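Student: Got a structure for you, written out below as structure tokens; questions coming shortly.
The values are calculated or read from the model by the stated rules, or taken from the named source; none is laboratory data. Here the structure is a predicted model, which is why all the values come from computation and not from measurement. Every residue, glycine among them, receives a Cβ derived from its backbone with ideal geometry; neighbour counts consider all protein chains shown.
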Amino acid sequence: MQVELNDFEKSMGMAIAKNRYTNARGAGVHNKQISNEKELEPDIEGAMSELAMCKLLNIYPTDVFNFDLRSAKNKTDNGDLIYNNFCIDVKATKYKSGRLIATQKNSAIDYLCLMTGNRGSYFFAGAMHSKNFYTESRWGRHPKLYRDCYAASQEELTPPETFLKKVA
């Protein structure tokens with residue numbers, strides 16, 4: 001499922017990303033990115049992909065506008081958005097065949113969703129329930145990644161249409 005942000009939504013995404021970046025670095029929190037991208041890039045793609053998921057679900061991005069520092073470790077991260085009482089964590093990659101990855105378990109999350117694309121043009125590749133994602137068999141060093149993480153291929157994800165029916 002393709003989602004395109006308009007120019008206003010992209011500028012909002014950029015503003016959100018810069019605010020998140022400044023708040024986190026100012027508090028001494030560093031991104032646990034797995035890729036070799038520029039430092040601000042994960043915040044940009046995170047904010048824009050979250051806005052894209054909100055657009056796809058037709059919900060106001062209330063949680064995307066929350067600039068509080070969040071931490072799964074400290075149990076202050078309840079995901080990127082809430083939809084029909086499900087806590088959803090949106091993950092993004094610029095790689096069309098990219099995997100759903102996470103560097104740590106977040107027990108507050110119900111579903112993880114994968115968006116592929118960048119800078120406001122995304123494809124919703126699918127989702128996985130957290131109980132199926134945060135498993136011992138998914139943890140480790142995966143091909144082309146230089147750090148241990150949880151990972152799932154796109155073929156393992158629940159297709160977008162099926163996921164949308166489940167959470168409706």
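Student: Search the stretch 119-147 for residues being part of a helix (DSSP H, G or I) and of a type in the set (Gly, Ala, Ser), and hand back the single one that is farthest from ALA15 (Cα to Cα).
Tutor: The first filter runs over the stretch 119-147 and keeps only residues part of a helix (DSSP H, G or I), leaving 130-133, 136-138.
Checking which are of a type in the set (Gly, Ala, Ser) leaves us with 130, 137.
Working: SER130: 29, SER137: 38 Å.
Checking each candidate, the answer is SER137.
Student: Determine, yes or no, whether ASN118 is of a type outside the set (A, V, I, L, M, F, W, C) and modelled with pLDDT of 90 or more.
Tutor: Yes, satisfied.
Student: Give me a count of the residues in the stretch 86-140 that are touching a Leu at 6+ places or on another chain (Cβ under 9 Å), surrounded by 15 or more Cβ atoms within 10 Å (Cβ to Cβ) and basic (Lys, Arg).
Tutor: Qualifying residue count, the stretch 86-140: 2.
Student: Hey, does the stretch 54-73 have a residue that's buried (at least 17 other Cβ atoms within 10 Å of the Cβ), closer than 26 Å to LYS144 by Cβ and modelled with pLDDT under 85?
Tutor: There is at least one residue in the stretch 54-73 that is buried (at least 17 other Cβ atoms within 10 Å of the Cβ), closer than 26 Å to LYS144 by Cβ and modelled with pLDDT under 85.
Student: Now, a different point. What single numbered condition from (1) in contact with a strand residue (DSSP E or B) (Cβ under 7 Å, 6 or more places away or on another chain); (2) buried (at least 17 other Cβ atoms within 10 Å of the Cβ); (3) at pLDDT 65 or above fails to hold for ILE34?
Tutor: Result: ILE34 fails condition (3) only.
Student: Residue check: is TYR150 touching a residue at least 12 places away in the same chain (Cβ under 8 Å) and in a loop (DSSP other than H, G, I, E, B)?
Tutor: Spelling it out, it is not the case that TYR150 is touching a residue at least 12 places away in the same chain (Cβ under 8 Å) and in a loop (DSSP other than H, G, I, E, B).
Student: Out of LEU112, LEU164, report the one residue that is more than 13 Å from the chain's Cα centre (by Cα) and on the phi < 0 side of the Ramachandran plot.
Tutor: After ruling out the rest, the residue left standing is LEU164.
Student: Name, by its number, the condition in (1) part of a helix (DSSP H, G or I); (2) more than 26 Å from ASN84 (Cβ to Cβ) that does not hold for THR162.
Tutor: The single condition THR162 does not satisfy is (2).
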